[in-house]
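Here's the structure, in structure tokens; my notes come after.
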Amino acid sequence: MQRVLRKKHTDLLFSLFLLVLLAFSVTHMAVISEGVFSALTLCARAIIPTLFPFLILTDLLLSVEGTEKILSMISFPLAKLLHLSKQGGTVVLLGAVFGFPMGAKAVAHYYSEGRLSKEESERLLLFCGNASPFFLIGSVGIGMLSSLKAGITIYGIQLGVSFICGLILGLFSKNTGKMDKNAPFHQKKISFSHTVQGAVRQVLFISGYVVFFSAILSFTLPYIKSPFLSRLLASCLEIGNACSLASESGKYALPFCAFSACFSGLSVYFQTLDCIEGSDLSTKSYLPIKLICGALGFYIALFVG
């Protein structure tokens, strides 16, 4: 009975929050339009060009057995260090090179074929999602911070924090990459047209998150007087808008960008949920672990920046 009442109170509060948000949206249409336009520009210039081709290529790569063997050979030392299977090592490599949501997509692919255990899949989701070097070095470093070195530094910090996270989780793991015999198995057929359709769907989802959170930020940030809190809020929501705002932070630009890259924001969390939709994989530890990673990235950037 208490659980039912608690749920009703939660639903009521959430409904009131949505009504307030809707009212603000109606009274701030001009500001929201500017935020949406800015987000669409960001998607067209930085996100879609650095993501769409790799969504297609990664899906095709995961469907070819020979490619998997090559990637597993390259990632073998990493898999051993992190107590992962060869498929787990391949997932980490794909996430590091191609950026999110590639890591989560690869996890969903291998788990659906029964080649990753449930425990290893859920562990991988906590540290295999990274921003691509093309985005951090090109878009953030050169485009937003006007510094190639800054982009490389942010990318390096992100990889370092992900490695530390994976190493610690691996040490405490009870199932170090063993096959889950109860995991579902089905062979995925290669279809170029379906691959392109899936990539279009994913890039639209990602762009939708960027636009939505940009709209939210456009009318909430003016009410936040503290620059630190405004950048922290942006970093917790979506990495593209967060890095763009952080680039105006002076000496704290690098730490805020590092926090955004390591935490990834709610946008990437929802992208991860989209990738594993239909499976029984849990993400209950995702946000707390990623928040710790974000804080670690911020403090590392303070000392190396």
In degrees from 0 to 90, rounded to the nearest 10, what is the angle of the helix 227-237 Cα long axis to the longest principal axis of the chain? 40
Sort 192, 163 by heavy-atom solvent-accessible area, probe 1.4 angstrom, most to least. 192, 163
For percent of Cα pairs over 29 Å apart, calculated from these coordinates, the label among [x] 29; [y] 41; [z] 38: [z]
What figure in square angstrom, to the nearest 10, would you give for the accessible area of residue 248 with a 1.4 Å probe? 130
Mind checking which of 227, 101, 133 has the largest fluctuation in a GNM of the chain, springs on alpha carbons under 10 Å? 227
Say we join alpha carbon atoms closer than 10 Å with springs in a Gaussian network model of the chain; which of 143, 250, 114 then has the biggest fluctuation? 250
Determine the gain in length on full extension of the stretch residue 248-residue 284; use 0.36 nm per residue of separation and subtract their C-alpha separation, reporting nm with one decimal. 9.6 nm
Based on a Kirkwood Rh over C-alpha pairs, give the Stokes-Einstein translational diffusion coefficient of the stretch 25-97 at 25 °C and viscosity 0.890 mPa s in µm²/s. 164
Determine the gain in length on full extension of the stretch residue 23-residue 164; use 0.36 nm per residue of separation and subtract their C-alpha separation, reporting nm with one decimal. 46.4 nm
Would you mind getting me the FRET efficiency between residue 223 and residue 64? Use the beta-carbon distance for r and R0 = 41 Å, nearest 0.05. 0.20
If I fit a long axis through the Cα atoms of helix 102-112 and take the longest principal axis of the Cα atoms of the chain, what angle between them do I get, 0 to 90°, rounded to 10? 40
Can you give the extra length, in nm with one decimal, that the chain gains between residue 192 and residue 76 once fully stretched, where that is 0.36 nm per residue apart less the Cα-Cα distance? 38.9 nm
With each pseudo-label sitting 7 Å past Cα toward Cβ, what's the residue 13-residue 119 distance in nm, one decimal? 3.5
Heavy-atom accessible area per residue, the chain, 1.4 Å probe: how many Å²? 51
In whole percent, and with a 1.4 Å probe on the protein chains, what portion of the accessible area of the chain is carbon and sulfur? 70
Taking a ≥ b ≥ c as the square roots of the eigenvalues of the Cα gyration tensor, with a/c under 1.5 meaning rounded and otherwise prolate when a/b exceeds b/c and oblate if not, the stretch 235-305 is oblate
Mind ranking 290, 86, 118 by accessible surface for me, highest first, 1.4 Å probe? 86, 118, 290
Of 28, 83, 109, which is the most mobile in a GNM of the chain whose springs link Cα atoms less than 10 angstrom apart? 28
Helix axis angle, 65-74 relative to the chain longest principal axis, alpha carbon, degrees: 80
Residues in the stretch 238-266, backbone N under 16 Å from the label point at residue 41 (7 Å along the Cα-to-beta-carbon vector): list them, ranges by number please. 240-248
Given the pairs 149/284; 69/149; 251/290, which span a C-alpha to C-alpha distance of over 31 angstrom in this model? 149/284; 69/149
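The values are calculated or read from the model by the stated rules, or taken from the named source; none is laboratory data. These numbers were taken from a predicted model, which means no experiment stands behind them. All Cβ positions, even for glycine, are placed from backbone atoms using ideal geometry, and neighbour counts span all protein chains on display. Surface accessibility is based on the protein's heavy atoms, side chains included, excluding ligands, DNA and RNA. Shrake-Rupley method; radii C 1.70, N 1.55, O 1.52, S 1.80 Å.
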